[in-house]
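Participant: Below is the structure I would like to discuss, written out as structure tokens.
The values are calculated or read from the model by the stated rules, or taken from the named source; none is laboratory data. All values derive from a computational prediction rather than experimental measurement. All Cβ positions, even for glycine, are placed from backbone atoms using ideal geometry, and neighbour counts span all protein chains on display.
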Amino acid sequence: MEPILTLLIVLVFSFLGIYAGDLFVNLKPAIVPMLAFVMLFMGLALKPQDFTRILKKPFSIAYAGVLQYSIMPLLGYSIANALKVDVNFLYGAVLVGTAPGGTASNLITYLSRGDVAYSVSMTTFSTLLSPILTPLLTYMLIGKKVEVPLWDMVRDLLLIILMPVVFGLFLRRFLLKSFFLERFIPYLVAVFIGVIIAIVLALNAGRLKDVGFSLLVLVILHNLLGFFLGYVLGLFVGLDRRMAKTLSIEVGMQNSGLAVVLAVKYFSPLSALPGALFSLFQNLNGLLLSLIYRRI
């Protein structure tokens, strides 16, 4: 029942974000602390052995990086060209595709009963690769140069993902060995995800009027095909179903916030729209997918 309740909570907050956006616009600075708290909750559900187990399988992490930086850039470029969208949307789709994995993948993995340690490891690895691969792939696909803010991303990686997870592991190991709130973590996560999506919607409410059918199809196809190919290609190399669905989520969910920032800085506000929409739909689609993945 957890994913269903989570979806209902997110839908309620999505409605509020669209029709009562003034309640959430000023909460933008709270996004990062909320993500950090969610990763703390993830750490409470993990054990150090989970990470040592994953680190003994370097191929699975490297393979995820290969898929991340091949499937998503090519999908963004190919779908945008096939749909003949505005060139600004093409740039935005490519930036979404060349971005590293997003922190939201860790949350959806948790709700899907996936391998959270594997998810965190993949997110970390793809983020560390991004200063090289994001500019390189963007230039190869659209002939435009972008510069990834390396130190800002490393700082965010530490503050939003790694430090909260380690602190959660510490709390579970030394202070809260029988953590009685663990059963409520999925509901706390649902509220945080709902508020974050409401903020994203509220901040982009003005841009939603510019969304045409082709852009909507571009964003949704980009996301769903990333999920599908990640799962199938995970099984193809012999990953078990738990790791394959985790890989699927990691491939399909991008650091769309980085894509938006790069689009505004190097292209135009209009080219940021694919990233903003991707941020919304990857969470909604991910929650729907978790209803299926929890049964696998």
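Participant: Restricting attention to the stretch 100-126, report how many residues are part of a helix (DSSP H, G or I) and more than 26 Å from Asn88 (Cβ to Cβ).
Facilitator: Here the count works out to 17.
Participant: Inside the stretch 77-88, can you point out the residues that are touching a Ser or Thr at 6+ places or on another chain (Cβ under 8 Å) and within 15 Å of Leu141 (Cα to Cα)?
Facilitator: Asn88
Participant: Just one of (1) part of a loop (DSSP other than H, G, I, E, B); (2) among the aliphatic types (A, V, I, L, M); (3) modelled with pLDDT under 80 trips up Leu239, so point out which.
Facilitator: Here Leu239 clears every test but (3).
Participant: Quick one: count up the residues across the stretch 25-49 that are surrounded by 13 or more Cβ atoms within 10 Å (Cβ to Cβ) and more than 21 Å from Asn255 (Cα to Cα).
Facilitator: The qualifying residues number 5.
Participant: Quick check on Leu247: is it in a helix (DSSP H, G or I), buried (at least 24 other Cβ atoms within 10 Å of the Cβ) and modelled with pLDDT of 95 or more?
Facilitator: Yes, satisfied.
Participant: Only one of Leu287, Leu235 is of a type outside the set (Lys, Arg), over 30 Å from Pro135 (Cβ atoms) and within 12 Å of the chain's Cα centre (by Cα). Can you tell me which?
Facilitator: Leu287 is the lone residue from the list that is of a type outside the set (Lys, Arg), over 30 Å from Pro135 (Cβ atoms) and within 12 Å of the chain's Cα centre (by Cα).
Participant: Take the residues of the stretch 15-24 that are farther than 23 Å from Ile160 by Cβ and of a type in the set (Gly, Ala, Ser): which is surrounded by the fewest Cβ atoms within 10 Å (Cβ to Cβ)?
Facilitator: Ala20
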